[in-house]
Amino acid sequence: MKLILGFIPLLDCASLVVAAERGFAAEEDLELALVRETSWANIRDRVVIGHFDAAHMLGPMAVASTLGIGHVKVPVIAPFALGLGGNAITVSLRLWEQMTSEGAAAESDPGTHAAALKRVVATREKARREPLTFAMVYPFSCHNYELRYWLAAAGIDPDREVRLIVIPPPFLVDALRAGQIDGFCVGEPWNSVAVHAGVGTIVTATTAIWPFSPEKILGCRLEWAQRHPKQLASLLRALYRASQWCEEPENRAELATLLAQPRYVGAPADLLRQALEGQLTLTTHSKPTRLENFYIPVRHNATFPWVSHALWFYAQMLRWNQTESRADHLAAVRTTYRPDLYRAALAAINPDIPVGDSKTERFFDGQTFDPTQH
Amino acid sequence: MADPALRILLVDQNVTRASILEEGLREAGYTNVAVVRDMQNLLRRIVDADPDVIFIDLENPNRDVLEQMFQVSRCVRRPVAMFVDHSDTDMIRAAVESGVGAYVVDGLRKERVKSILDMAVSRFNAFSQLRDELDRAKQELEERKIVERAKGILMKERGLSEDAAYSLLRKAAMNENRRLAEVAQSVVTAARLLK
């Protein structure tokens with residue numbers, strides 16, 4: 001059966017590309033047609049109206065679509081996660097200079113960085129200067145929530161003391177160069193592209209803010225999943241094997257070359273390879289720094305759709321006033337992520353599937369998110 | 001009937017398409033049409049234009065920028081919903097398939113939006129056709145150039161007349177059941193390799 005899958009040119013579309021290009025889909029009698037999209041809104045719309053059978057999607061987008069927040073209400077499910085991590089926060093060279101004079105250093109932890117940023121923000125406020133502007137890629141995204149979490153942990157109100165705007169990933173580097181923004185939170189390779197272009201410094205990987213944090217998921221309409229249970233299970237197996245392939249260190253060079261093609265990510269292969277290896281060059285002319293567990297295709301249950309992730313996203317939607325709390329929301333959020341479908345499809349080939357659907361999420365500032373309380 | 005008072009904002013970086021769409025809307029009686037080509041200060045432009053409905057080209061990655069503005073639109077007191085009716089997937093489908101996204105300000109009645117959306121969709125389709133025709137014309141021109149080069153090679157290498165060179169190419173194309181341009185391309189490539 002032929003499946004049409006949408007994706008956005010980012011590092012973590014890797015398992016979709018590998019499933020299509022390295023025979024894992026064919027082994028399951030699937031033919032994958034990958035369609036490169038230009039905006040997250042297009043991905044959502046084309047999944048919702050059935051142009052795409054499934055897509056590379058932002059985790060919070062599936063939750064927002066199921067709840068009907070910001071758009072039409074269409075139940076979308078996440079039966080598989082497309083890896084963990086892969087995001088970072090980059091700031092302009094000028095802001096980095098100001099942060100270092102306030103105590104930040106290249107190897108500082110996210111808390112020290114945020115505290116330095118807080119002092120920069122306070123100084124600007126006192127001088128009655130325009131607030132700093134940070135960009136992220138979509139309102140319902142891990143990038144938005146991770147950036148906000150990091151700022152808020154240092155006492156920076158992300159809605160009042162800085163400006164948060166959306167800029168599509170391919171435009172971020174130019175916006176930083178032009179001084180239109182002072183920093184951004186985005187997935188690789190766009191942080192590395194900014195460093196490579198000499199216009200930015202990576203201050204932290206978001207996995208340092210939220211260790212083993214999720215990113216994209218495979219999203220499809222609930223209705224599609226109910227009509228094609230066998231094909232969906234086949235797709236999950238193909239993606240799981242592709243994710244295993246992506247994890248193997250000896251495949252990284254080949255994967256980077258594959259993703260570098262213009263029809264996939266279209267970024268330099270050496271930058272993609274660094275990101276796959278978790279060896280990011282944090283600032284221009286520096287040596288690559290090893291970031292532990294920066295991007296994880298399959299280890300640490302990286303493909304498991306944890307319900308606690310969906311619940312955390314919903315908690316952020318409430319925290320940042322994207323929606324009002326409603327009694328029926330929680331049950332709907334819980335059914336957006338589908339560990340049951342994951343287990344059913346992968347029981348025979350993945351011996352390490354977690355028994356529980358949720359886990360306690362831990363953050364850099366010592367806070368925990370315990371889903372049993374929600 | 002078209003309501004000339006309806007305020008319409010087009011967000012399109014493609015100048016040709018924007019003017020085709022704008023013209024179509026004006027012809028249909030919608031005189032209150034503003035066009036945004038520059039994404040800088042988009043929010044400002046939206047506030048100034050105060051539109052009832054916004055159209056955006058779906059190939060424009062800045063669509064995500066617009067979505068976020070609608071998310072925070074409470075602060076500019078302009079709540080915006082997408083597409084009219086939450087259950088009307090047909091309308092969304094028609095819009096997405098043509099490549100136009102419609103954002104409708106809350107409170108605008110469905111029937112009123114339907115007619116302008118139909119208009120926008122048909123204009124977008126007309127534009128795609130125009131673009132396809134242009135692409136085809138460009139391709140034909142390229143193919144003609146290749147055939148000319150292949151003819152030149154055959155004339156020089158085989159000492160053939162122009163007509164004879166052309167006949168030879170045509171015959172080869174017919175025998176191999178390939179297009180003339182493909183055969184010509186093989187001749188050009190082979191000549192380059194043998195150099």
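The values are calculated or read from the model by the stated rules, or taken from the named source; none is laboratory data. Remember, predicted model here, so these are calculated numbers, not experimental data. Every residue, glycine as well, gets a Cβ built from its backbone with ideal geometry; the counts of neighbours run over all protein chains shown. Ligands, DNA and RNA are stripped out before the accessible areas are found, and what is left, the full protein with its side chains, is counted by its heavy atoms. Shrake-Rupley method; radii C 1.70, N 1.55, O 1.52, S 1.80 Å.
Things to note:
- The lone criterion from (1) within 14 Å of chain B (Cβ to nearest Cβ); (2) more than 23 Å from A:SER243 (Cβ to Cβ); (3) in contact (Cβ under 8 Å) with a residue 24 or more places away in the chain; (4) outside any helix (DSSP H, G or I) left unmet by A:THR66 is number (4).
- One residue from B:ARG63, B:ARG93, B:ARG78 being at pLDDT 65 or above and either open to solvent by 20 Å² or more (accessible area, probe 1.4 Å) or not assigned by TED's automatic domain parsing to the domain that holds B:LEU25 (or both): B:ARG93
- Scoring A:SER243 on the criteria (1) under 19 Å from A:PHE294 (Cβ atoms); (2) not assigned by TED's automatic domain parsing to the domain that holds A:THR303 leaves a single failure, condition (2).
- Residues of the range B:45-64 satisfying the condition of being outside any loop (DSSP other than H, G, I, E, B) and in contact with a Ser or Thr (Cβ under 6 Å, 6 or more places away or on another chain): B:ARG63, B:ASP64
- Filtered residues of the range A:39-95 (kept if under 29 Å from A:VAL199 (Cβ atoms) and among the aromatic types (Phe, Trp, Tyr)): A:TRP40
- Total residues in the range A:354-374, condition among the basic types (Lys, Arg) and outside any loop (DSSP other than H, G, I, E, B): 1
- Residue selected from the range A:5-47 under the condition β-branched (Val, Ile, Thr) and crowded, with 22+ Cβ neighbours inside 10 Å, by the criterion farthest from the other protein chains (Cβ to nearest Cβ): A:VAL18
- The single residue among A:LEU235, A:LEU276, A:LEU218 that is within 30 Å of A:PHE369 (Cα to Cα) and out of contact with any helix residue (DSSP H, G or I) (no Cβ under 6 Å at 6 or more places or on another chain) turns out to be A:LEU218.
- Consider the range A:48-62 and keep the residues that are among the hydrophobic types (A, V, I, L, M, F, W, C) and in contact with an Asp or Glu (Cβ under 9 Å, 6 or more places away or on another chain). The one that is nearest to the other protein chains (Cβ to nearest Cβ) is A:ILE49.
- Against the test of being open to solvent by 10 Å² or more (accessible area, probe 1.4 Å) and either at negative phi or within 14 Å of another protein chain (Cβ to nearest Cβ) (or both), the options A:PHE363, A:PHE313 yield a single qualifying residue, A:PHE363.
- Residues being under 19 Å from A:PHE80 (Cα atoms) and not in a strand (DSSP E or B) - total across the range A:30-45: 4
- Meets criteria (open to solvent by less than 50 Å² (accessible area, probe 1.4 Å), of a type outside the set (Gly, Ala, Ser), at pLDDT below 95 and assigned by TED's automatic domain parsing to the domain that holds A:ARG241) for A:ASN321: no
- Among the criteria (1) modelled with pLDDT of 95 or more; (2) over 30 Å from A:ARG326 (Cα atoms), the one A:ALA62 does not fulfil is (2).
- Inclusion of A:CYS220 among residues that are open to solvent by less than 10 Å² (accessible area, probe 1.4 Å) and more than 14 Å from chain B (Cβ to nearest Cβ) is warranted.
- Qualifying residue in the range A:72-93 (condition: within 13 Å of chain B (Cβ to nearest Cβ), open to solvent by less than 30 Å² (accessible area, probe 1.4 Å), more than 17 Å from the chain's Cα centre (by Cα) and in contact (Cβ under 8 Å) with a residue 12 or more places away in the chain): yes
- Criterion: part of a helix (DSSP H, G or I) and either closer than 25 Å to A:SER108 by Cβ or at pLDDT 95 or above (or both) - qualifying residue of A:LEU235, A:LEU218: A:LEU235
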